[in-house]
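The block underneath contains the structure these notes are about, expressed in C-alpha cells.
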Amino acid sequence: MNQKEYVDWNAIESLADVLASKVKSLHLQFNSISTISRGGLVPARLLADRLGIKVILVDKDEIPHDSLFVDDIYDTGKTFAKILPKAKDSDHLIYATLFARKGKIIPKQVVYAQLTKGDEYIVYPWDRFEHGLI
C-alpha cells in the first residue's frame, strides 16, 4: 500500500448516500448504529443522519441485534473479525462501510458503497491532520 488516494468531502457525501440506499434496500429495522472510534465515527454519523437513527454506540463490548455496524473501510477483515463476536446475533450482523478492498473475500454481511481500485491507502478528509495536510 504505497500509493494514497485522497477522498474529498463531496465524494464522502456521495458514498454515504450510496451506502444509505443499499442499507435501506435490505428492509431491516436498525435502532442504533455501532462503530469504533478510529475510522468509524464520521461515517457512522453520516449514515445515522441519512437513516434517521438517533443512537450511535461507540467502542462497546456488545453490539445489539438491531444495531447497524459502520466503518470507513473493509480492508484486511481484522475489524470485522474483532467485532463479530461482540454481536448479539452475529449471523445477522450488517457491517456497512464506505469502501471495501478490491480482491478481498467480502463476507455476505458486508454492505459497501464502493470497491477500492487496488491496494491504495485511502486518506479521508478527517485523516488530513494525521497525514500532514493541515
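Only the coordinates and a few stated rules stand behind these numbers; no lab work does. Remember, it's a predicted structure, so these values are computed and weren't measured experimentally. Please note: Cβ atoms are built from the backbone with ideal geometry, for glycine as well, and neighbour counts cover all protein chains shown.
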- prompt: What is the spread of the Cα atoms of region 4-127 along each of their three principal axes, largest first, in whole Å?
  reply: 36, 28, 26
query: How far is it, in nm, from the label point at Ser14 to the one at Lys82 when both lie 7 Å from their Cα along the line to the Cβ?
result: 3.0
- prompt: Expressed as an acute angle from 0 to 90° and rounded to the nearest 10, what is the orientation of the C-alpha long axis of helix 41-51 relative to the principal long axis of the chain?
  reply: 60
- request: Have a look at Arg101, Arg38, Arg50 and tell me which one the Gaussian network model of the chain (Cα, springs below 10 Å) gives the largest fluctuation.
  value: Arg38
message: Given points 7 Å out from each Cα along the Cα-Cβ axis, report the Leu28 to Lys108 separation in nanometres with one decimal.
response: 1.2
- prompt: Mind checking which of Leu26, Leu115, Leu68 has the largest fluctuation in a GNM of the chain, springs on alpha carbons under 10 Å?
  reply: Leu26
task: Please figure out what share of the DSSP beta bridges in the chain is antiparallel and state it in percent, rounded to the nearest 5.
output: 0
Inter-site label distance for Gln3 and Asp119 at 7 Å from Cα along Cβ, in nm: 1.3
- prompt: Based on Cβ point charges of +1 for Lys and Arg and -1 for Asp and Glu, what charge dipole magnitude is obtained for region 1-107 about its Cα centre, in debye rounded to the nearest 20?
  reply: 180
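Provide the FRET efficiency to the nearest 0.05 for the Trp126-His92 pair, computing r from the beta carbons and using R0 = 25 Å.
Details: r = 29 Å, r/R0 = 1.18.
Step by step, r from the Cβ atoms, then E = 0.25.
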